[in-house]
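First comes the structure, then the notes that go with it.
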Amino acid sequence: MATAEKPFIRQDGKDKVTGLGRYTADLDMTGMLQAKFRYSDHAHARITRIDTSKARALPGVFAVITHEDVPDVRYGPFVQDRRLFAKHKVRYEGELVAAVAALTNEIAQRAVELIEVDYEPLEIVSDVEAALQPGAPLLHEEWASYGASEDVVREGNDCSRSTILKGDPDKGMAEADIVVKERYVADMSHAVPIEPHAVVAQWQGDRVTIWSSTQVPFIARSGVATTLELPEAHVRIVVPHLGGGFGGKCEFHYEAQVAALARVAQRPVRLVFSRREEFLAPDHRREGQVLELETGVRRDGSIVARRGRLILDNGAYSADAPFFPQLAAMMAAGPYKIENVFVDASLAYTNTTPSGSVRAPTAPQACWALEQHMDSVAGQLGMDPVEFRRLNIVKNGDEGPTRQVFEDIGAAETLERAVELIGYGKELPDDEAIGVAVGWWPSFGIASGAYVKINGDGSATIITGAQECGTGAVMALPLLAAEILGMEPESFSLLYQDTDAGPFDSGASGSQTTFNNGRAVMAAANDVREQLLDLAAEQLEANRDDLELKDGAVSVKGSPTKSVTIPELAEAAHGSTLLLGRGADAVPEMPASDAAGCTGRLGMESFLAPTFITHAVRCKVDRETGVVRVLEVAAVHESGRVLNPIGANGQVEGGVVMGIGMATLEGSLLGEDARQLNPHLLDYKLQTASDSPPIHIGWVDSPTKPGAGGPKGSKGIGEPPCVPTPGAIANAIAQVTGARVHQLPMTPARVWEAMQR
Amino acid sequence: MRYDATLKVNGRAYPVAIEPGRNLLSVLRSEVGLTGAKEGCDDSECGACMVLLDGQPVNSCSYLALQADGREIVTIEGLAGEDGDLHPLQQAFLDQGGVQCGFCTPGMLISAKALLDRNPSPDEDEIRLALSGNLCRCTGYSGIVRAVQAVAEQR
């Protein structure tokens, strides 16, 4: 059942199709200067001297700043391990050493090149396994003195370690009839929004307004306030249209550096990234992983034990990645019934661009490894891989890897529907095969707020802290309010992505907008609905309990002629009563689990309102060249209840194509100097329209209980669609070639090499 | 050294004085004041900067502005009718879920218009091929392809 019975046109749509909508890089202001950064010249080095005098002397330069020009503050959401500008050391090629503001980009670039920096190069650590070896050079010698959340387990280059333990995995493994052990490696990849980062900052007295291409304006505000030592009330973040994010624009990026430049220059300053900078600098790329997975099964196909050792690449600084090990450990266990589990996951510092949340962080890579491993185990059992999953997938009443008991889930149904949609088992040419993979993903319950105002003419305005990154999640909020108020969604305007206007929201991250802000908007709409009913009771001189609100009017039940419309109520209220609803629904409680034996617990020990997904793909593999072509995808999701089918389908279509890209092409190559060798779209290829196959979408309707999920029993939708795609493609490749590809992305060369082994 | 040129953009003449090294995109976005064409990659890979030059789609980031002197340029701002009515492609992009973040949309619409101008009834493969110079990270292209198909069917 869907809320949107008729096609819903997003409010920002006309602005976007006419080219009139403004994105951050489109903003211009009188006297505005252009910013450029001086990046590190080494991936790992001690700084011995910085001399900015020649840059400062260049005509047209208004500001040159380094660590000396900003407060000496370390920041980071879990571990405070970084500064706005490098002070003693640089730890990756994209680290900032200095920033310049000048009249033009050309002058700013020349000034950046005139800054003299002397270094003492240090040994580079770019391999995650080497980073954790005893005696490996420490990236952060002073790691133990850093401020950090007390739940983060740290030791030297291991920035965050988590374990998941259930039962007795060693005993279980010893009892297994068959044990399969495999190793998989995933390369780092990127979010690649088509809009590169942009920031504009302008001061008015001691207050700064920052227009930023951020997914998380409130987190950006907090970052600016912390690092520049300002009250949050002095920092306003406004996000113009945002040209995609996918996690790459989460966290706090360059708002503070640009604000600091603007303060020194006493002018507005604009920073716009090149595509190359977009690859090198932002601290939010998808982390590489090394995964060792071991599974013990009985001959009947039941899984008796799983052990896993995971090392995730943190990069040089920790951004929001410290919760990844626990999340990846859950992913490596998977949505399967397993009696005994032990997964040990670490997050290793390396001299590379920092990792951070990119669409379903850790999941596509870990699922790719696990789902190949599941097929390998099925192969050893002589069992059909779908049958093996059918036997082990979690159902209502089953326990997860931390003894969370699942309720109201439809995991098994996604498997059945996906194999049906793709025609699993049908006759195919000998260079084609169908691969299947199952994945899961949590919803994130976070506080979030909204207001709903009824305007003088009976139209309404939603004021929300939520951030629109393109998915349409904010655009769909009027659907929820309109239903409660008996109004048309088109009667609502939206004020959003401005930290001075809306209540706190954690931003366009974690697929949380509808899940959390949707509940807040509904609460605000219900609040104002009560006010309308109170007012109508006065106007109609009726008992309030006898009133009903529908189709834009309040009437007395049973006497529809005795009614008053919302515009009439708004007019009556004008000047005497404020019609202003406030909403902030309680955050759903985390499901119970038994995490007594787990370490590094950072909130992922159980999954709130988990989504389950099965993708089944038909692929063609050219045995001569290793080129893989995805011909058709069936994507079936259980996301609770779907509220906006156009929006939800759009997430699946986009996520699947992103997953195909990750599977076949997308990965950064690193040189020996730990520099990215392909930081541009010529050699880091995205999928094009002609690469993208038909996608058959299915939804399993399985709403959560009230209070256990999002509005109307919905779950997060944005991230899950890219989770199982790479694993399904890998399994199709192995079906055709008889060879497993153990490294992601599965480029033609790697597929071909696997066939030669 | 700046050279005088006249850029004819969306039917209006813009006299400009520009250095020979300037690309068309930067002149459109600054001197001409039309920011609909976007810069996504600066090397002709993403297509967000696409405009029509004498009816042909070009990546304006990789085209010298002076080469466009006196020629007819159409940007995304020139697609809607003078009365503000959306071009059928613009409406179809909205109806079919072809727009999410919108950053690729201007270039994508220009590519789609160029295709339908030269081939009013393309099949799906022809549509996908024609749009393969425009990268979209949000939609997986499905909604965009549906939109172009819908307009082609109306014709």
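Read-outs: derived from the displayed coordinates by stated rules, not from any lab. Computed from a predicted structure; not experimentally measured. Cβ: placed from backbone, ideal geometry, glycine included. Neighbour counts: every protein chain shown.
Order of A:Met374, A:Met188, A:Met29, B:Met1 from fewest to most other C-beta atoms within 10 Å?
Numbers: A:Met374 26, A:Met188 23, A:Met29 13, B:Met1 5.
Fewest-to-most ranking of A:Met374, A:Met188, A:Met29, B:Met1: B:Met1, A:Met29, A:Met188, A:Met374.
Under 8 Å for C-alpha pairs, at least 6 residues apart: give me the relative contact order for chain B, rounded to a whole percent.
Numbers: 286 pairs, mean separation 35.7, N = 155.
23 percent.
Just add up the charged neighbours of A:Pro560: K/R +1, D/E -1, any other residue whose Cβ is under 12 Å from the Cβ of A:Pro560.
Details: positive: A:Lys550, A:Lys557, A:Lys562; negative: A:Glu548, A:Asp551.
Around A:Pro560, the charge tally is +1.
Place a +1 charge on the Cβ of each Lys and Arg in segment A:609-651 and a -1 charge on the Cβ of each Asp and Glu, then give the dipole magnitude about the Cα centre in debye, rounded to the nearest 20. Show your work: numbers first, answer last.
Working: 5 positive and 4 negative charges, 7 e Å.
I would put it at about 40 debye.
By Kyte-Doolittle mean hydropathy of at least -0.5 and Cα axial length of at least 20 Å, which whole DSSP H helices of chain A are selected?
Numbers: long enough: A:363-381 (26 Å, -0.05); A:518-540 (32 Å, 0.10); A:645-664 (28 Å, 0.69).
TM-like helix candidates: A:363-381, A:518-540, A:645-664.
Cα gyration tensor of segment A:450-583, axes a ≥ b ≥ c as square roots of the eigenvalues: rounded (a/c below 1.5), prolate (a/b > b/c) or oblate? Walk me through the numbers on the way to the answer.
Details: a/c = 2.55, a/b = 2.11, b/c = 1.21.
Prolate shape, in that a/c is at least 1.5 and a/b is the bigger ratio.
I need the peptides A:257-265, A:48-56 ranked by packing, meaning the mean over residues of other C-beta atoms within 10 angstrom, with the highest value on top. Before the final figure, lay out each step's value.
Working: A:257-265: 24.8, A:48-56: 14.9.
Peptide ranking by packing, descending: A:257-265, A:48-56.
Quick check: net charge around B:Ser132, other residues with Cβ under 13 Å of its Cβ, Lys/Arg +1 and Asp/Glu -1? The partial results should precede the final answer.
Values: positive: A:Lys685, B:Arg128; negative: A:Asp691, B:Glu45, B:Glu124, B:Asp125, B:Glu126.
Result for the neighbourhood of B:Ser132: -3.
Would you report the distance distribution of C-alpha pairs in the protein assembly as shown as whole percents per 20 angstrom bin, up to the bin with the largest distance?
Distribution as computed: 14, 46, 34, 6, 0 percent.
Which whole-number percentage describes the relative contact order of segment B:3-78, with Cα contacts under 8 Å and a sequence gap of 6 or more? Numbers along the way, then the final one.
Numbers: 151 pairs, mean separation 29.3, N = 76.
Taking the mean separation of contacting Cα pairs over the length of segment B:3-78, I get 39 percent.
Find out how many positive minus negative residues lie around A:Trp143, taking Lys and Arg as positive, Asp and Glu as negative, among other residues whose Cβ is under 10 Å from that of A:Trp143. If you can, show how the numbers build up before the last one.
Working: positive: A:Arg154; negative: A:Asp81, A:Glu141, A:Glu142, A:Glu155, A:Asp158.
Here the count lands on -4.
Once Lys and Arg get +1 and Asp and Glu get -1 on their Cβ, which of A:Ala450, A:Pro429, A:Ala412 lies farthest toward the positive end of the dipole of segment A:405-488?
The residue sitting farthest along the positive end of the dipole is A:Ala450.
Can you give the charge dipole size of chain A about its Cα centre, rounded to the nearest 20 debye, using +1 on the beta carbon of Lys and Arg and -1 on the beta carbon of Asp and Glu?
The dipole magnitude comes to about 660 debye.
Please report, in Å, the Rg and the Dmax of segment B:88-154, where both are computed over Cα atoms only.
Answer for segment B:88-154, Rg first and Dmax second: 10.3, 28 Å.
For a 31 Å ceiling on Cα separation, which of these pairs sit above it: A:Lys87/B:Lys38; A:Lys249/A:Lys620; A:Lys395/A:Lys426; A:Lys249/A:Lys550; A:Lys36/B:Lys113; A:Lys16/B:Lys8?
Too far apart for the 31 Å limit: A:Lys87/B:Lys38; A:Lys249/A:Lys620; A:Lys249/A:Lys550; A:Lys36/B:Lys113.
If you put +1 on each Lys and Arg Cβ and -1 on each Asp and Glu Cβ, how big is the dipole of segment B:88-154 around its Cα centre, in Debye rounded to 20? Display every interim value, and only then the final one.
Numbers: 5 positive and 7 negative charges, 55 e Å.
In total the dipole reaches around 260 debye.
Where does each of A:508-515, A:529-536 land if you order them by average Cβ count within 10 Å, highest first? Mind dumping the intermediate values first?
Numbers: A:508-515: 27.6, A:529-536: 19.0.
Going from most to least packed, we get A:508-515, A:529-536.
Given contacts defined as C-alpha pairs under 8 Å and at least six residues apart, what's the relative contact order of segment A:624-757, whole-number percent?
Answer for segment A:624-757 is 41 percent.
Cα atoms only, segment A:501-564: Rg and Dmax in Å?
16.3, 47
Calculate I(q)/I(0) for segment A:216-265 by the Debye formula, one identical point scatterer on each C-alpha and no solvent, and give its log10 at q = 0.32 Å⁻¹ to two decimals.
For the requested q values the scattering log ratios are -1.30.
By how many degrees, 0 to 90 and rounded to 10, does the Cα axis of helix B:105-118 deviate from the longest principal axis of chain B?
With both axes taken from Cα atoms, the answer is about 80 degrees.
Can you give the Rg and Dmax of segment A:67-122 based on its C-alpha atoms, in angstrom?
When restricted to Cα atoms, segment A:67-122 yields Rg and Dmax of 13.3, 38 Å.
Provide a whole-number value for the mean count of partner chain Cβ atoms within 10 Å of the Cβ atoms in peptide B:33-44. Please report the intermediate quantities before stating the final value.
Details: counts 1, 3, 9, 7, 1, 8, 8, 10, 10, 6, 6, 2.
Mean partner-chain Cβ count within 10 Å for B:33-44: 6.
Is the shape of segment A:499-654 best called rounded, prolate or oblate, per the rule: a/c under 1.5 gives rounded, else a/b larger than b/c gives prolate, else oblate, with a ≥ b ≥ c the square roots of the Cα gyration tensor eigenvalues? Display every interim value, and only then the final one.
On the way: a/c = 3.07, a/b = 2.04, b/c = 1.50.
Judged from the Cα gyration tensor, segment A:499-654 comes out prolate (a/c at least 1.5, a/b above b/c).
Please list, in order along segment B:88-101, the HN-Hα scalar couplings obtained from phi with the Karplus expression 6.51 cos²θ - 1.76 cosθ + 1.60 (θ = phi - 60°), rounded to whole Hz, x for Gly and Pro.
Values per residue, Gly and Pro as x: x, 5, 4, 5, 5, 4, 5, 5, 9, x, x, 10, 10, 6 Hz.
Tell me whether segment A:1-85 comes out rounded, prolate or oblate; compute the Cα gyration tensor, take square roots of the eigenvalues as a ≥ b ≥ c, and use a/c under 1.5 as the rounded threshold.
Working: a/c = 3.75, a/b = 1.80, b/c = 2.08.
Taking the square roots of the gyration eigenvalues as a ≥ b ≥ c, segment A:1-85 is oblate.
Using θ = phi - 60° and the Karplus curve 6.51 cos²θ - 1.76 cosθ + 1.60, what whole-Hz ³J(HN,Hα) does each residue of segment A:191-199 get, with Gly and Pro shown as x?
Per-residue couplings from phi come out as 6, 6, x, 6, 8, x, 4, 8, 9 Hz.
Using the Cα centre of chain A as origin and beta-carbon charges of +1 (Lys, Arg) and -1 (Asp, Glu), tell me which of A:Val377, A:Val269, A:Ala281 is placed farthest towards the positive end of the dipole.
A:Val269
Could you work out the mean count of beta carbons from other protein chains within 10 Å of each residue's beta carbon in B:72-84?
Values: counts 0, 0, 0, 1, 5, 3, 2, 3, 5, 0, 0, 0, 2.
Mean inter-chain Cβ contacts per residue within 10 Å come to 2.
How large is ³J(HN,Hα) for each residue in segment A:341-357, as worked out from phi by the Karplus curve 6.51 cos²θ - 1.76 cosθ + 1.60 (θ = phi - 60°), to whole Hz, x for Gly and Pro?
9, 9, 10, 10, 10, 10, 10, 9, 5, 9, 7, 10, 3, x, 7, x, 4
Just tell me how shielded A:193-202 is by partners: mean number of partner chain Cβ atoms within 10 Å of each residue's Cβ, no decimals. Numbers along the way, then the final one.
On the way: counts 5, 17, 10, 7, 0, 1, 0, 0, 0, 0.
Taking the mean over all residues of the peptide, I get 4.
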